[in-house]
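Down below is the structure, laid out as structure tokens.
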Amino acid sequence: MEPLREEKRYTYADYLTWDDSQRWELIDGIPYAMAPAPSQSHQEASSELHRQIANFLKGKPCKVFAAPFDVRLNVGNDDDTIMQPDLLVVCDSSKLDGKSCNGAPDLVIEILSQSTAQRDKWVKFNVYQRAGVREYWIVDPDAKAVAAHLLENGNYTAKAYGDTGTAPVGVLPGCEIDLQEIFAQ
């Protein structure tokens, strides 16, 4: 999960030319190779979160997407930051072009893996906050915990949840995630 050690800064146009057999993210022009296939607990948490959010959104204008799905966070500027979060919700359909989200999603969820934990907690946290992602969840299947970050006045405020009860999705009023189902194994 280390970035390539090169001086060159890349853009979305470069990214589109890369071999599809390897997944990449691009953060401020620096490419990061994506980790190999995630663990079973990662996949189970992702599937359950997707199921619960998709069920809530049925018949509503917002859409939920699972990785891999490109999120171009500074399209129109340098176009040098492309993320592939585990899950994302987009409520403004004008941001969707059929193959990517152009601009900040309303909700991004990253599920920690050993190889991605530090980048998800620090680098992506700052990138998502700077880009204006309204809510950012970091889900830790090993610790059975969720850190939900809501954007307020340009900065994230956090709430922590364990493996019982429910966690509200701030940007989707009425959506409550059953945490016991997320971490059931």
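The values are calculated or read from the model by the stated rules, or taken from the named source; none is laboratory data. Being a predicted model, the structure only gives us computed values, none of them experimental. Cβ: placed from backbone, ideal geometry, glycine included. Neighbour counts: every protein chain shown.
Some values worked out for this structure:
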{"quantity": "Segment 163-175: number of residues that are within 20 Å of residue 88 (Cβ to Cβ) and part of a loop (DSSP other than H, G, I, E, B)", "calculated": "7"}
{"quantity": "Among (1) farther than 24 Å from residue 152 by Cα; (2) surrounded by 13 or more Cβ atoms within 10 Å (Cβ to Cβ); (3) of a type in the set (A, V, I, L, M, F, W, C), the one test that residue 37 misses", "calculated": "(2)"}
{"quantity": "Every residue from segment 10-31 that is more than 15 Å from the chain's Cα centre (by Cα), at pLDDT 90 or above and outside any helix (DSSP H, G or I)", "calculated": "10, 11, 16, 17, 18, 28, 29, 30, 31"}
{"quantity": "Flag if residue 74 is of a type outside the set (Gly, Ala, Ser) and in contact with a strand residue (DSSP E or B) (Cβ under 7 Å, 6 or more places away or on another chain)", "calculated": "no"}
{"quantity": "Options 184, 160, 148; residue that is out of contact with any Leu (no Cβ under 8 Å at 6 or more places or on another chain), buried (at least 21 other Cβ atoms within 10 Å of the Cβ) and not charged (D, E, K, R)", "calculated": "148"}
{"quantity": "Some residue of segment 109-117 being out of contact with any Gly (no Cβ under 7 Å at 6 or more places or on another chain), surrounded by fewer than 20 Cβ atoms within 10 Å (Cβ to Cβ) and not aliphatic (A, V, I, L, M)", "calculated": "yes"}
{"quantity": "Number of positions in segment 157-176 that are farther than 17 Å from residue 58 by Cα, out of contact with any Asp or Glu (no Cβ under 9 Å at 6 or more places or on another chain) and not β-branched (Val, Ile, Thr)", "calculated": "6"}
{"quantity": "Selection within segment 85-105 - assigned to a loop (DSSP other than H, G, I, E, B) and buried (at least 20 other Cβ atoms within 10 Å of the Cβ)", "calculated": "85, 86, 104, 105"}
{"quantity": "Lone qualifier among 143, 160, 148 - being over 16 Å from the mean Cα position of the chain (by Cα), part of a strand (DSSP E or B) and under 26 Å from residue 39 (Cα atoms)", "calculated": "160"}
{"quantity": "Cβ pairs under 9 Å, 6+ apart, first in segment 6-35 and at positive phi, second aromatic (Phe, Trp, Tyr)", "calculated": "29/10"}
{"quantity": "Qualifying residue in segment 62-77 (condition: at positive phi and touching an Asp or Glu at 6+ places or on another chain (Cβ under 8 Å))", "calculated": "no"}
{"quantity": "Test: residue 114 is part of a helix (DSSP H, G or I) and free of Cβ contacts under 8 Å to residues at least 60 places away in the same chain", "calculated": "no"}
{"quantity": "Unmet requirement for residue 98, which otherwise passes all of (1) at pLDDT 95 or above; (2) more than 13 Å from the chain's Cα centre (by Cα); (3) within 24 Å of residue 80 (Cβ to Cβ)", "calculated": "(1)"}
{"quantity": "Every residue from segment 57-84 that is in a loop (DSSP other than H, G, I, E, B), of a type outside the set (S, T, N, Q) and over 11 Å from residue 12 (Cβ atoms)", "calculated": "58, 59, 60, 61, 62, 67, 68, 69"}
